[in-house]
């Protein structure tokens, strides 16, 4: 199911939530409102594109704690921190752990809308690469443990004869495994194979 890109507003202040809902709706930007971090996490769907407008100080899980939690999930989440003047240093710290931007309260409507649109654009681009990486990882996961070992040796630059010697097997066996790897990875080029493995984060995992 395809969802329209959405701004997820997470703020315990009802007045702020209502104000942002009105502002973003006027700009024809889809929004969802949450009063705290746990309410958002209960309904969080990593497949949905958009960005978070996240208050720094909230009861229970703070905005910074939520930001750190989402960063560890390795999904493309683009976050804008909403902060009061006294919390600017905290917002800067959040950017070091992955937040895309921060906006001080009170904010100008046109500035917030512009920065929200920029954040949503960044999220869509990040999701393209995320989906690409997942597609490539599916290919890697089809390899057998021995094929993954051969793959590692291939991308290290070893020729088939050397791989066969290192693994104590025949040239023809490694050649057949190499052919199978290329077919499963949907490529016929070692250069492309190296590029693919770089995209998915390096060498194939060993089972």
*From the residues in region 162-202 that are modelled with pLDDT of 90 or more and closer than 20 Å to residue 130 by Cβ, which one is surrounded by the fewest Cβ atoms within 10 Å (Cβ to Cβ)?*
186
_Residues that are over 16 Å from residue 119 (Cα atoms) and in the same structural domain as residue 80 (by TED's automatic domain parsing): list the strands (runs of 3 or more DSSP E) wholly contained in region 2-57 that include at least 2 such residues._
31-34
*Kindly indicate whether residue 205 is modelled with pLDDT under 90, over 18 Å from the mean Cα position of the chain (by Cα), under 30 Å from residue 83 (Cα atoms) and surrounded by fewer than 18 Cβ atoms within 10 Å (Cβ to Cβ).*
no
*In region 66-76, how many are touching a helix residue (DSSP H, G or I) at 6+ places or on another chain (Cβ under 7 Å) and part of a helix (DSSP H, G or I)?*
2
*May I ask you to say which residue of 97, 142 is exposed (fewer than 15 other Cβ atoms within 10 Å of the Cβ) and at pLDDT 85 or above?*
142
*Scope region 6-44; condition touching a residue at least 40 places away in the same chain (Cβ under 8 Å), under 18 Å from the mean Cα position of the chain (by Cα) and surrounded by fewer than 21 Cβ atoms within 10 Å (Cβ to Cβ); matching residues*: 6, 8
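The values are calculated or read from the model by the stated rules, or taken from the named source; none is laboratory data. Small disclaimer: the values here were computed from a predicted structure and weren't measured. Using ideal geometry, Cβ is built from the backbone for each residue, glycine included, and neighbour counts are taken over all protein chains shown.
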